[in-house]
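Only one structure is covered here, and it is reproduced in the block below.
The values are calculated or read from the model by the stated rules, or taken from the named source; none is laboratory data. Predicted model only: the values in this text are computed from it and were never measured. Reconstructed Cβ throughout: ideal geometry from the backbone, glycine too, with neighbour counts over all protein chains shown. The accessibility values were calculated without ligands, DNA or RNA, using every heavy atom of the protein model including side chains. Shrake-Rupley method; radii C 1.70, N 1.55, O 1.52, S 1.80 Å.
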Amino acid sequence: MHSVAVPTDPKPSDAGVTGASTPPIGRYLPVPVQVHEADPDAPEVARCLIALIATRWPATPAEHVGSSAVPGLAGKNIIDLLLAAEPADISAITQALLELGFQPQVPAAFPATRPMLWGAFRHGLTTYRVHVHIVPTDSPEVAAMRGFRDALRADPVLRRRYAALKRAIVESGPVDPVTFTKAKHDWIAATLAQLGLAGHPPRRLYQDDLSLDRSHRLAS
């Protein structure tokens, strides 16, 4: 099942091709969480976004992480990108992404030294929500994001368990992103610990809201 189209403003243009005054990334509109079957087009969409970002910041390639980077894994069908950057470059990278049309996350769940930007990108007939995590290269979060993705790709049992957890959370209907993230926390924390990827104290990956407990930041 493909990602559900969401309205955007300004309207993102197809596969990043824009007119002179239209940014390739449209406005992000948060919506309640629903769990969809994996979108087979997600890797291609991520490649288009990575190439787009490279037009403004070629020195540091982005990479596809999160559930949409794992073939066959059900999820929110958000395209999560990791951009591991030297701390001195983070401000300039943030500005480059803003010029593409990405917007700061509101409310901001991360500091300016580790920002997350979001936006909407149309590919074919589908509009995808996109999260770009700009993370210092020396942060253990980089290894955790990559390692969790790679473990899910390699282990079908882990994929099934994670998908079942997500479906159980939304069994009664869509939920808000903070509730969804909190409900996954303990399982993801235990999984990352088993993989040797949990920090001390653990860090919450892809944190959705400042209201989450800052002392236990560990979720996907």
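Quick notes
- Residues in segment 30-60 that are part of a loop (DSSP other than H, G, I, E, B), open to solvent by less than 30 Å² (accessible area, probe 1.4 Å) and more than 19 Å from H123 (Cα to Cα): T60 only.
- Applying the condition of being assigned to a helix (DSSP H, G or I) and without any contact (Cβ under 8 Å) to a residue 12 or more places away in the chain to segment 106-155 and asking which residue is nearest to A193 (Cα to Cα) yields D150.
- Among (1) in contact with a strand residue (DSSP E or B) (Cβ under 6 Å, 6 or more places away or on another chain); (2) crowded, with 18+ Cβ neighbours inside 10 Å; (3) of a type outside the set (A, V, I, L, M), the one test that E63 misses: (2)
Residue-by-condition table, conditions (1) small (G, A, S); (2) more than 18 Å from G75 (Cβ to Cβ); (3) more than 12 Å from the chain's Cα centre (by Cα):
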| position | (1), (2), (3) |
| --- | --- |
| E99 | no, yes, yes |
| F102 | no, yes, yes |
| Q105 | no, yes, no |
| A109 | yes, yes, yes |
| T113 | no, yes, yes |
| L117 | no, yes, no |
| L125 | no, yes, yes |
| R129 | no, no, no |
| D138 | no, yes, yes |
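- Residue within segment 65-84 that is out of contact with any Leu (no Cβ under 6 Å at 6 or more places or on another chain), part of a loop (DSSP other than H, G, I, E, B) and of a type in the set (V, I, T) present: yes
- Annotation: I90 fulfils all but one of (1) open to solvent by less than 10 Å² (accessible area, probe 1.4 Å); (2) within 17 Å of the chain's Cα centre (by Cα); the unmet one is (2).
- Residue, farthest from the chain's Cα centre (by Cα), within segment 12-58, restricted to residues that are over 14 Å from L98 (Cα atoms), at pLDDT 95 or above and of a type in the set (G, A, S): A51
- Test result for R149, within 25 Å of R47 (Cα to Cα) and charged (D, E, K, R): yes
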